[in-house]
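Asker: Okay, handing you the structure first.
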Amino acid sequence: MRIGPLIGFSLVTGGLLWIGARGAAPLPALGPLLDPANGVLAMSRTTELPRTWSGQVPGLSAPATVTYDDRGVPHVKAATIEDAYRAVGFVVARDRLFQMELQFRASAGRLAELSPRALPLDTLARTIGLPWGAERRFAALPKDSPAMRALEAYADGVNAYVAQMPKAALPVEYRLLGRTPMRWEAKHAFYFLARMNQTLSFALPELNVLKAQLLVGREAAEALYAPVASIQEPIQPNGQKAPRFDLPPMPDPGAPDPGAMGETKVVAMALSAFGAMAEGDETRRQASNNWAISARRTRDGHAILAGDPHLDLSLPSIWYEVQLTVPGRLDTYGFTFAGTPGVVLGFNRDVAWSATNTGADVVDFYRETVDDAKHPTKYQVDGQWRPIETHAETYRGPRDVVLLEDTLRFTHRGPLRKLGAQWVSMRWTALDTTHAAASLSSFQAADTAKSVAMLMETTADYPGPAQNFVMADREGNIGIRSTGLYPIRPAEGSGLVVRDGSTSASDWTGYWAPKDYPQSVNPPQGYLASANQQPIDPKGGSRYLGADWPPPWRAIRINQRLRADSAWTPAAVARMQVDSASARADFLVPYFLDAAARLRAAGRETPQIARAAKLLAEWRRAYVPSDKRAILFEFSMERLNQLLWDELERPDSQAALRPRRPTGLALARLLQQPNSKWWDDRHTPALETRDDILARALALGLEDVQKAFGKDSSSDDWRWGHASPIRLNHLLAIPAFSVDSVQARSGPETIAPRSAGGTHSASERLIVELGPTVRAWTTYPGGQSGNPFSVLYRDRIWKWANGAVDSVIFGDVPAARVRSTLTLTAGAK
């Protein structure tokens with residue numbers, strides 16, 4: 001979900017045209033922005049890091065030193081771990097202060113205080129319980145725990161920077177909004193974690209099943225969003241040397257049971273009230289890659305780890321690069337989030353780790369029985385009435401204007417919502433307090449782990465969002481585990497049903513034990529990889545973990561590459577991270593071409609179909625900026641999806657009941673059934689088959705490309721880089737602070753991904769070689785600074801786009817590469 005477009009549009013189009021002393025809400029009067037002493041022009045004095053500077057942070061036990069290298073990476077040296085977190089809070093606030101606050105507001109449901117256009121985002125955040133859950137989880141954190149000390153130390157650092165920040169250094173976003181920074185609190189990290197859970201674990205497969213059931217019946221609906229992926233290249237190795245295609249027939253579209261229609265519609269609408277805007281983000285499905293190669297499959301005999309999480313691209317990036325050193329206790333390097341202490345993905349002197357999203361189903365819904373249909377105060381469980389927890393919510397806009405007042409309700413399961421006569425509650429692992437401390441302590445422990453075995457142990461209690469943690473150590477060991485809280489449902493059932501909330505027999509009975517998680521250590525194949533595919537082959541384990549899995553096209557390509565080489569080097573791994581060859585296209589293109597050929601043999605091929613087939617046959621099935629055929633494939637795929645899934649369409653007036661399009665797994669199954677009823681176009685008198693629809697989609701795809709980019713297929717306008725560029729939007733979607741038209745080797749469902757209109761791709765890349773001396777390479781699209789006027793704001797974009805990675809400095813920064821030195825000393829509270 002993107003915050004920027006809703007807020008930024010009102011800023012850019014609604015305010016910046018007002019120049020001078022008159023303000024236009026939500027913008028302030030622009031006079032202060034033009035103040036020569038403290039306005040935008042004065043920001044040039046504080047935009048770049050000074051050669052030397054100093055600051056004070058309350059609570060420091062001894063002076064701490066921060067040395068910035070020439071890439072803007074702070075190398076923190078402190079006397080204690082808490083001191084290191086204080087220093088990190090200080091430097092991250094200097095570079096990413098507005099980003100930290102915006103992320104907190106997004107989870108707290110307080111974005112409308114910046115712009116009333118963001119009110120829908122605020123109501124969603126509070127409705128699904130993000131602030132409620134964050135407060136509960138923070139309250140469950142032991143006050144003397146290492147995690148609490150870390151959060152408090154980090155907050156000390158953030159607030160110390162804000163207190164000492166020169167007026168001229170106030171980030172430009174605050175100036176445009178007429179705001180000043182809020183005080184940072186230790187609990188705000190849990191708000192950020194709630195936001196990450198929304199992005200990565202708020203998947204609602206049952207919602208799409210119910211919506212589709214209303215249109216095509218239960219059997220067909222469950223097949224469209226199945227709990228078993230029909231193409232298997234699992235995370236936990238299954239011994240196979242190639243992907244397995246299990247493509248059973250798809251049930252024909254049917255009609256729903258009229259008797260169930262009423263209840264199903266009400267429940268689907270209620271779930272839509274929870275899931276609108278949250279579940280429908282298909283970019284979640286393109287999440288990340290990682291892999292680890294054992295020492296015996298590398299040229300130099302050292303294990304190599306690679307990771308590249310795929311998230312929304314923004315300026316500044318979601319990631320911040322840092323090294324933390326506490327002599328004798330801590331020496332770690334990697335990526336952290338703005339707003340949380342410690343390294344999240346990275347390495348130390350002994351081990352390295354990265355993560356991809358598991359995509360498990362960790363949300364369930366319950367039909368509740370309440371005491372009053374309009375204003376309930378109690379709900380019934382096992383014949384007994386329980387009190388409903390109520391929260392009076394006030395949504396405010398700029399200048400403290402009240403925009404909306406509401407009452408939110410919660411059961412022991414979670415948020416309670418009404419639609420029509422039906423009250424539905426939601427249970428979500430992100431709102432549970434189980435292992436709340438491990439949300440942070442798992443990464444703190446990883447920073448000091450010494451081996452793969454220790455990493456497996458320290459991350460065992462990590463609650464979520466569930467992640468596929470891959471790891472490697474200097475002894476040459478590798479491991480992977482899909483780690484998070486996985487619900488044990490009644491009778492080990494699936495999460496594709498809405499349960500009866502009036503009985504406790506419907507409740508979860510606990511969570512899986514870590515020994516039951518999908519996992520592997522040192523497999524015979526000599527490597528491990530994940531790319532958001534179904535973690536475990538259903539032939540090796542039948543427990544329900546999730547449904548509606550993304551097709552494993554990236555996993556197939558990664559495994560193809562890793563199987564084919566036994567002398568890997570870091571440079572070869574770097575090239576592989578930007579591999580844009582498409583296993584998806586390898587599977588699908590022959591079906592288009594064969595369909596055209598069969599129509600030609602039958603005398604039914606049109607000139608447009610023939611032309612489209614000839615052009616598609618020229619494609620090398622890789623997405624490079626100069627390629628002029630990839631765009632035809634993508635336009636044809638869009639047309640194919642429109643034609644094939646017409647049965648699932650609804651008018652805009654019923655958009656809340658429109659299911660998301662099924663993934664390529666359902667398409668792969670239907671391609672084996674040329675005469676399935678799914679292929680028939682309901683809008684024509686003819687009875688269409690698979691080949692008819694494929695050929696029509698190909699012809700229409702060519703027509704669409706020609707309309708958009710001209711009829712000359714040799715024109716540069718057809719280039720993939722021109723037609724489908726990467727876009728990095730500023731957090732407020734301000735065009736001058738955004739970067740458009742970035743050309744990169746990337747394409748849908750390839751190792752080098754691109755989706756969501758070019759705003760979703762590899763958010764960072766990390767490569768670590770674990771030899772006697774640990775070496776590492778990184779990059780991400782953006783820069784360390786959040787200041788749009790800084791040279792460190794966008795300096796990494798072009799290297800990232802070209803597939804280059806920088807060798808990192810892991811240790812003392814050579815004098816020739818020192819950009820700035822910060823000395824921090826203790827200050828009064």
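The values are calculated or read from the model by the stated rules, or taken from the named source; none is laboratory data. All of these numbers come straight from a predicted model, not from anything done at the bench. For neighbour counting, all protein chains shown are included, and Cβ atoms are generated from backbone atoms with ideal geometry for every residue, glycine included. Accessible surface areas use protein heavy atoms only, side chains included; no ligands, DNA or RNA. Shrake-Rupley method; radii C 1.70, N 1.55, O 1.52, S 1.80 Å.
Asker: Tell me the Kirkwood hydrodynamic radius of the stretch 726-829 in angstroms, computed as one over the mean inverse distance between distinct C-alpha pairs.
Answerer: With all distinct Cα pairs of the stretch 726-829 included, I get 16.2 Å.
Asker: Spelling out what I want: for every residue of the stretch 645-660, take phi, set θ = phi - 60°, compute 6.51 cos²θ - 1.76 cosθ + 1.60 (Karplus), and round to whole Hz; glycine and proline get x.
Answerer: Those phi angles translate into 9, 4, 4, 9, 7, 9, x, 4, 5, 10, 4, 5, 9, 8, x, 5 Hz.
Asker: Give the carbon-plus-sulfur fraction of the accessible surface of the stretch 155-245 in %, rounded to a whole number; probe 1.4 Å, heavy atoms of protein chains only.
Answerer: 52 percent
Asker: Cα centroids of the stretch 377-425 and the stretch 122-180: how far apart, whole angstrom?
Answerer: 25 Å
Asker: Please give every one of the aspartates and glutamates within straight-line cross-link reach of K187, meaning a C-alpha to C-alpha distance under 18 Å, and leave out same-chain neighbours fewer than 8 residues apart.
Answerer: The reachable aspartates and glutamates, counting only those whose Cα sits under 18 Å from K187, are E82, E101, E135, D144, E152, D156, D432.
Asker: Can you work out the Karplus-derived ³J(HN,Hα) for every residue in the stretch 715-722? Use 6.51 cos²θ - 1.76 cosθ + 1.60 with θ = phi - 60°, whole Hz, and x for glycine or proline.
Answerer: In residue order, the calculated couplings are 5, 5, 5, 7, 4, 4, x, 7 Hz.
Asker: Here's something else I'd like to know. So if each residue of separation counts as 0.36 nm, and I subtract the Cα-Cα distance between H683 and L403, what length gain in nm does that give?
Answerer: Full-extension gain reported as 96.3 nm.
Asker: Between R543 and E457, what FRET efficiency follows from the Cβ-Cβ distance if R0 is 30 Å, with the result rounded to 0.05?
Answerer: Once rounded, the FRET efficiency stands at 0.85.
Asker: For T52, tell me the accessible area in Å² from a 1.4 Å probe, rounded to the nearest 10.
Answerer: Counting only protein heavy atoms, T52 exposes about 100 Å² to solvent.
Asker: Tell me whether the stretch 364-451 comes out rounded, prolate or oblate; compute the Cα gyration tensor, take square roots of the eigenvalues as a ≥ b ≥ c, and use a/c under 1.5 as the rounded threshold.
Answerer: Here the stretch 364-451 falls in the oblate category.
Asker: Rounded to the nearest 10 Å², what accessible area does H412 show when all protein chains are kept and the probe is 1.4 Å?
Answerer: Per-residue accessible area (H412): approximately 80 Å².
Asker: When the accessible area of the stretch 298-346 is split by element with a 1.4 Å probe, what percent falls to carbon and sulfur?
Answerer: Exposed carbon and sulfur together represent 50 percent of the surface.
Asker: Report, by chain and number, residues whose modeled amide H sits under 5 Å from the one on K378, excluding near sequence neighbours (fewer than 5 apart, same chain).
Answerer: Amide H neighbours of K378: D371, D372, I388.
Asker: In addition: Counting only the heavy atoms of the protein chains, how much of F737 is accessible to a 1.4 Å probe, in Å² to the nearest 10?
Answerer: That residue has around 30 Å² of solvent-accessible surface.
Asker: For a test of the definition: using alpha carbon positions, the gyration tensor, and the 1.5 limit on a/c, classify the stretch 83-185 as rounded, prolate or oblate.
Answerer: Oblate shape, in that a/c is at least 1.5 and b/c is the bigger or equal ratio.
Asker: On alpha carbon coordinates alone, what is the Rg over Rh value for the stretch 590-748, Rh being the Kirkwood radius?
Answerer: Checking Rg against Rh, the ratio lands at 1.02.
Asker: Determine the shape class of the stretch 501-640: with a ≥ b ≥ c the square roots of the Cα gyration tensor eigenvalues, call it rounded for a/c under 1.5, and otherwise prolate if a/b is greater than b/c, oblate otherwise.
Answerer: oblate
Asker: Sticking with this one: Could you tell me which of the pairs K77/K799; K378/K418; K143/K515; K77/K450 are separated by over 18 angstrom between their Cα atoms in the structure shown?
Answerer: Long pairs (Cα-Cα over 18 Å): K77/K799; K143/K515; K77/K450.
Asker: If amide hydrogens are placed 1.01 Å from N in the peptide plane, which non-local residues have theirs closer than 5 Å to the one on Y486?
Answerer: W512
Asker: For the residue pair E135 and W512, what label-to-label distance in nm results when each label sits 7 Å from Cα along the Cα-to-beta-carbon direction?
Answerer: Output for this residue pair reads 3.3 nm.
Asker: So what is the calculated 222 nm ellipticity per residue for the chain, using -39500 (n - 2.57) for each DSSP H run with n of 4 or more, over all residues, to the nearest 500 deg cm²/dmol?
Answerer: -9500 deg cm²/dmol
Asker: Report in % the part of the accessible area of the stretch 407-471 that belongs to carbon and sulfur, leaving out ligands and nucleic acids; probe 1.4 Å.
Answerer: Accessible surface attributable to carbon and sulfur in the stretch 407-471 totals 51 percent.
Asker: Moving on to the next point. If one computes the Cα centroid of the stretch 666-733 and of the stretch 552-594, what distance in Å separates the two points?
Answerer: Spelled out, the Cα-based centre of one part sits 23 Å from the other.
Asker: Here is a follow-up. Highest first, please rank the peptides 759-771, 434-446 by the mean number of other Cβ atoms sitting within 10 Å of their residues.
Answerer: Answer by packing, highest mean first, reads 759-771, 434-446.
Asker: Identify the residues of the stretch 701-717 with backbone N under 17 Å of a label point that sits 7 angstrom from the Cα of Q608 along the Cα-to-Cβ direction, or state none.
Answerer: Residues passing the 17 Å test: 701-713.
Asker: Same structure again: For Rg/Rh (Cα atoms, Kirkwood Rh), pick the label among (i) 1.15; (ii) 1.13; (iii) 0.96 that corresponds to the value derived from the coordinates.
Answerer: Working out Rg/Rh (Cα atoms, Kirkwood Rh) from the coordinates points to (iii).
Asker: Identify all lysines with a Cα-Cα distance to K707 below 26 Å; exclude those on the same chain that are fewer than 8 residues away in sequence.
Answerer: Once the sequence-local lysines are set aside, what remains near K707 is K614, K628.
Asker: By a straight-distance test (C-alpha under 20 Å), which lysines pair with K677 as possible cross-link partners, with residues fewer than eight away in the same chain excluded?
Answerer: The reachable lysines, counting only those whose Cα sits under 20 Å from K677, are K211.
Asker: Also, I was wondering about something else. Using every pair of alpha-carbon atoms in the stretch 129-192, split the distances into 5 Å bins beginning at 0 and state the percent of pairs per bin, rounded to integers.
Answerer: So the P(r) values, bin by bin, are 3, 16, 21, 19, 17, 12, 9, 3, 0.
Asker: Follow-up question, since we're still on this one. Residue by residue through the stretch 587-601, which ³J(HN,Hα) values in whole Hz follow from phi under the Karplus form 6.51 cos²θ - 1.76 cosθ + 1.60 (θ = phi - 60°), with glycine and proline marked x?
Answerer: Along the stretch 587-601, the couplings run 7, 8, 4, x, 5, 4, 5, 5, 5, 4, 5, 5, 5, 5, 5 Hz.
Asker: Mind checking the per residue accessible area of the chain for me, 1.4 Å probe, whole number of Å²?
Answerer: 36 Å²
Asker: Find how much the distance from E649 to S741 grows on full extension, using 0.36 nm per residue of separation minus their present alpha carbon separation; answer in nm with one decimal.
Answerer: 29.9 nm
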